[in-house]
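Heads up, the thing below is written out as structure tokens.
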Amino acid sequence: MTVYLPIAELSVNIFIILGMGAAVGFLSGMFGVGGGFLITPLLIFYNIPPVVAVATGANQVVASSISGAITHFRRGTLDMKLGTVLLVGGLCGATAGVWLFALLRRLGQLDLVISLLYVALLGTVGALMLVESIRALRRAAKDQPVTLRKPGHHNWVHGLPLKMRFKKSKIYLSIIPLVVLGFSIGVLTSIMGVGGGFIMVPAMIYLLRIPTNVVVGTSLFQIIFVTAYTTIMQATTNNSVDIVLAFILMVAGVVGAQYGVRVGQRLRGEQLRALLALLVLAVGMRLAVDLVLAPENIYSVVSEGGRR
């Protein structure tokens, strides 16, 4: 059974798209990630134009982030003030990212840049996560305690000016690194179609020393508005959001996430991190292989909506 995607300008097997959405939703529920960094490469593998894959992937992250942010707000683990500062940087970064996205598209270099960014980002993050999770598994096997620096310990970031007090997080921190972090995530959201939580959360915990209990909820709060803003900007500026594709992915993702949560609750944290690291590395390696192998069709016809 096929369905026509009006913006991507091609027909796809609806069951394959449903399977992708369900699989990414399952992994999102299992690992606690937005899934944007997985769904975008999968869509590209299925020959969805990268222009459409990036914009539509960002749209899917909105739905999952809203649900998570509401839960954290009710639990009191969301710092609205901290999230607002991150959001300011995120919106500025998203605006710059959409402009850069359009520029790269006009130059004909968008597909290459997206693939290179994914290979570099997924390779780096996946390798770091795998090393950390292997160490954690070894410590767990030897019954050794995990030694982590507690939030609140100072480093060079805490010596920066323009400090602000965040009562919910119980920290006194410069807004400069927060705005820079938010800006960087905004750019990545626009160009790569990711929520950025898999980068923002570790940065907030290990670099900025923000208490872990408010990090996830605050990150999701920022991601909601940045991804929603990016989706609107991509739709109006680049006409690259395919609502049919987005709807199918969101429906399948919601169903898959329910089962992913159940499976994730049965595994230990270090096991989950190791599996996620292997998954991230596998996607990055697949993209890297596609970059070096010669394509089957050397020439392609490009239309305004995407590749044909």
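Numerical summary
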quantity	calculated
Filtered residue count, segment 171-180, keeping only those that are surrounded by fewer than 24 Cβ atoms within 10 Å (Cβ to Cβ) and in a helix (DSSP H, G or I)	5
Those residues of segment 192-218 which are open to solvent by less than 10 Å² (accessible area, probe 1.4 Å), in a helix (DSSP H, G or I) and more than 18 Å from Met80 (Cα to Cα), in sequence order	Met192
Count of segment 1-38 residues which are at pLDDT 80 or above, open to solvent by less than 40 Å² (accessible area, probe 1.4 Å) and closer than 19 Å to Thr231 by Cβ	4
Matching entry among Ile48, Ile66 (being modelled with pLDDT under 80 and either open to solvent by 30 Å² or more (accessible area, probe 1.4 Å) or not in a helix (DSSP H, G or I) (or both))	Ile66
Flag if Trp99 is aromatic (Phe, Trp, Tyr), modelled with pLDDT of 85 or more and surrounded by fewer than 18 Cβ atoms within 10 Å (Cβ to Cβ)	yes
Hits in segment 219-246 (condition: open to solvent by 20 Å² or more (accessible area, probe 1.4 Å), of a type in the set (A, V, I, L, M, F, W, C) and touching a residue at least 12 places away in the same chain (Cβ under 8 Å))	Leu220, Phe221, Ile224, Phe225, Ala228, Met233, Ala235, Val241, Ile243, Val244
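The values are calculated or read from the model by the stated rules, or taken from the named source; none is laboratory data. What you see is a predicted model; the values in this text were computed from it and never measured. Virtual Cβ from ideal backbone geometry, glycine too; neighbours counted across all protein chains shown. Surface accessibility is based on the protein's heavy atoms, side chains included, excluding ligands, DNA and RNA. Shrake-Rupley method; radii C 1.70, N 1.55, O 1.52, S 1.80 Å.
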